[in-house]
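Trainee: Please find one structure pasted underneath; my questions will follow.
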C-alpha cells in the first residue's frame, strides 16, 4: 500500500446522505463549483470533486489535470473532465501552486466517480491565500444545507424538463446525464459547475 493510499484513507470525512448524494460534514471544504479542498498537516491542500458532480456527470473517460508548478486561483478553471466527446470544466477551490497530481485517476478516471473523497482525489496545492479562500467555501453543516439547495434546483430542472418527480426513496439516480440526455450536458455544466464565469475573473 503506497503513502498516497494511506493518506487518502486517513482523510476520509464523516458523511451525510442528501437525496443519495454523499456530503462530507468534517475536514472537507466545498466550493460552489463542486470541487473540494482539504488542508493537510504537510501544509498542502488536497483537491478533488464532490459526489454531487459525479452523480450528475457519471463516470468519465478522461481527466485533464493542472500542470505541476503552475499557479491557479480560486474560481479560475483548473481542470476538465471528458465523457464521450463532451467536456466539463471546473474551478479551483483555492489559490496555489500545483505540487502533485494523482497518477491513478489519469490511468483510471472512473476512480473520480467511484471514490470522490478517497482514491479519486485529483491534485495537491501549495496554498498562497488559504485563510481567505477557506472563508469563501462551505464547511460542516453548511455543506449539507448547500447540497440540499443544489438538489432542489436539480429537482426543479428535472421536473420542468422531464415532468419527473422526486424518485421513490428520495434519491437521485446515479449518472443523471447518461439517463436523461434531454437535460443536456452543456446545460447542467453551466448551471452547476461554472458558477463564476472566468471571463469576469481578475488576476490578483
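The values are calculated or read from the model by the stated rules, or taken from the named source; none is laboratory data. All of these numbers come straight from a predicted model, not from anything done at the bench. Using ideal geometry, Cβ is built from the backbone for each residue, glycine included, and neighbour counts are taken over all protein chains shown.
Trainee: Does region 152-159 contain at least one residue that is buried (at least 17 other Cβ atoms within 10 Å of the Cβ), assigned to a helix (DSSP H, G or I) and modelled with pLDDT of 95 or more?
Mentor: Looking through region 152-159, none of the residues is buried (at least 17 other Cβ atoms within 10 Å of the Cβ), assigned to a helix (DSSP H, G or I) and modelled with pLDDT of 95 or more.
Trainee: Of the residues 89, 37, 51, only one is surrounded by fewer than 17 Cβ atoms within 10 Å (Cβ to Cβ) and in contact (Cβ under 8 Å) with a residue 12 or more places away in the chain; which?
Mentor: Values: 37 fails: surrounded by fewer than 17 Cβ atoms within 10 Å (Cβ to Cβ); 51 fails: surrounded by fewer than 17 Cβ atoms within 10 Å (Cβ to Cβ).
Result of the check over 89, 37, 51: 89.
Trainee: How many residues are surrounded by 15 or more Cβ atoms within 10 Å (Cβ to Cβ) and assigned to a helix (DSSP H, G or I) if we restrict to region 179-192?
Mentor: Adding up the residues that qualify gives 6.
Trainee: Something else now. Among the strands (runs of 3 or more DSSP E) contained in region 57-117, which hold 3 or more residues that are over 21 Å from residue 133 (Cα atoms)? Spell out the reasoning first.
Mentor: Details: elements: 62-64, 77-83, 86-91, 96-101.
Once the strands (runs of 3 or more DSSP E) in region 57-117 are filtered for at least 3 residues that are over 21 Å from residue 133 (Cα atoms), what remains is 62-64, 77-83, 86-91.
Trainee: Another question, then. Tell me which residues, restricted to region 93-114, are farther than 19 Å from residue 73 by Cβ and either crowded, with 19+ Cβ neighbours inside 10 Å or touching a strand residue (DSSP E or B) at 6+ places or on another chain (Cβ under 7 Å) (or both).
Mentor: To start, the set of residues in region 93-114 that are farther than 19 Å from residue 73 by Cβ comprises 102-114.
Residues satisfying the conditions are 102, 105, 106, 109, 111, 112, 113.
Trainee: Any residue at all in region 160-170 that's modelled with pLDDT of 95 or more and out of contact with any strand residue (DSSP E or B) (no Cβ under 9 Å at 6 or more places or on another chain)? Give the derivation first.
Mentor: Applying the first criterion (modelled with pLDDT of 95 or more) to region 160-170 yields none.
Taking every residue of region 160-170 in turn, none turns out to be modelled with pLDDT of 95 or more and out of contact with any strand residue (DSSP E or B) (no Cβ under 9 Å at 6 or more places or on another chain).
Trainee: Among (1) surrounded by 15 or more Cβ atoms within 10 Å (Cβ to Cβ); (2) over 15 Å from residue 23 (Cα atoms), where does residue 143 come up short?
Mentor: Status for residue 143: all satisfied but (2).
Trainee: Could you figure out which of (1) touching a helix residue (DSSP H, G or I) at 6+ places or on another chain (Cβ under 6 Å); (2) touching a residue at least 24 places away in the same chain (Cβ under 8 Å); (3) closer than 19 Å to residue 24 by Cα isn't true of residue 59?
Mentor: That leaves (3) as the condition not met.
Trainee: Need the failing condition index for residue 52 against (1) within 11 Å of the chain's Cα centre (by Cα); (2) assigned to a loop (DSSP other than H, G, I, E, B), just the number.
Mentor: (2)
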